[in-house]
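Asks: Pasting a structure below so you can have a look.
The values are calculated or read from the model by the stated rules, or taken from the named source; none is laboratory data. Model, not experiment: these values are computed from the prediction. Note: ideal-geometry Cβ built from the backbone for every residue, glycine included; neighbour counts use all protein chains shown.
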Amino acid sequence: MRKGFTILELLVVVAILGVIASFVVVRMTGIQASARDSQRMSDIRQYQNALEIWSNSNGGLYPAGSPAIDAVSLCTGGGSLSAFRCTNDPTVASGGAPYRYSANAARTSYVLWATLERNSQIFYVCSSGVAVTRSATGWAAPTNGVCP
């Protein structure tokens, strides 16, 4: 008598492994999006630190940014924060939304924000120190540096 597995047994094992693999792949996609969101929030905090350092050296004023501008432009082409290492959204090259910055006309307050992948949310920080994650539903991008 020959020992071994039947073709039916092998097919059942392959099917079970396929189901387990699909759960792992779906779970990994969510983990990657969460990691990118964490990176976005960290990047926004780094911008906030750079803006506060720049403001302390410039009489308490922030860089101009009205209406809202792409935050990375503050660091490139001789922008106000060109001495700092500025990053952009991890998915901006593939169509993601860039980080945005808005300051009031007097340059005494600002809002800096990023669009998060998970749960359609916005993360923003303000010159007052407020840091909030909120739903993107009903979000109107600030154009005058006023904290929402």
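Asks: Sort through 106, 64 and tell me the only one that's assigned to a loop (DSSP other than H, G, I, E, B), in contact with a Gly (Cβ under 9 Å, 6 or more places away or on another chain), among the aliphatic types (A, V, I, L, M) and at pLDDT 85 or above.
Replies: Numbers: 64 fails: in contact with a Gly (Cβ under 9 Å, 6 or more places away or on another chain).
Step by step, each of 106, 64 is checked, and only 106 is assigned to a loop (DSSP other than H, G, I, E, B), in contact with a Gly (Cβ under 9 Å, 6 or more places away or on another chain), among the aliphatic types (A, V, I, L, M) and at pLDDT 85 or above.
Asks: Does residue 37 count as of a type in the set (D, E, K, R), part of a helix (DSSP H, G or I) and touching a Lys or Arg at 6+ places or on another chain (Cβ under 9 Å)?
Replies: Values: of a type in the set (D, E, K, R): yes; part of a helix (DSSP H, G or I): yes; touching a Lys or Arg at 6+ places or on another chain (Cβ under 9 Å): yes.
Judged against the criteria, residue 37 is a match.
Asks: A further question on this structure: Which one of these does residue 142 not meet: (1) outside any strand (DSSP E or B); (2) farther than 17 Å from residue 65 by Cα; (3) in contact with a strand residue (DSSP E or B) (Cβ under 6 Å, 6 or more places away or on another chain)?
Replies: (2)
Asks: Filter region 122-132 down to the residues that are touching a residue at least 40 places away in the same chain (Cβ under 8 Å) and more than 12 Å from residue 68 (Cβ to Cβ) and list them by number. Working first, answer last.
Replies: Taking region 122-132 first, the residues touching a residue at least 40 places away in the same chain (Cβ under 8 Å) are 123-125, 127, 131.
Passing the criteria: 123, 125, 127, 131.
Asks: Restricted to region 73-85, and to residues that are in contact with a Phe, Trp or Tyr (Cβ under 7 Å, 6 or more places away or on another chain) and within 23 Å of residue 38 (Cα to Cα), which residue is modelled with the highest pLDDT? Walk me through it before giving the result.
Replies: Start the filter on region 73-85 by keeping residues that are in contact with a Phe, Trp or Tyr (Cβ under 7 Å, 6 or more places away or on another chain), which leaves 74-75, 80-81.
Cutting the leftovers down to within 23 Å of residue 38 (Cα to Cα) gives us 74-75, 81.
Values: 74: 89, 75: 86, 81: 86.
Top of the filtered list is 74.
Asks: Taking region 94-119 as the search range and keeping residues that are polar (S, T, N, Q) and surrounded by fewer than 18 Cβ atoms within 10 Å (Cβ to Cβ), which one is farthest from residue 74 (Cα to Cα)?
Replies: Applying the first criterion (polar (S, T, N, Q)) to region 94-119 yields 94, 102, 104, 108-109, 115, 119.
The next check asks that each one be surrounded by fewer than 18 Cβ atoms within 10 Å (Cβ to Cβ); those that pass are 94, 108-109, 119.
Details: 94: 21, 108: 16, 109: 15, 119: 28 Å.
Top of the filtered list is 119.
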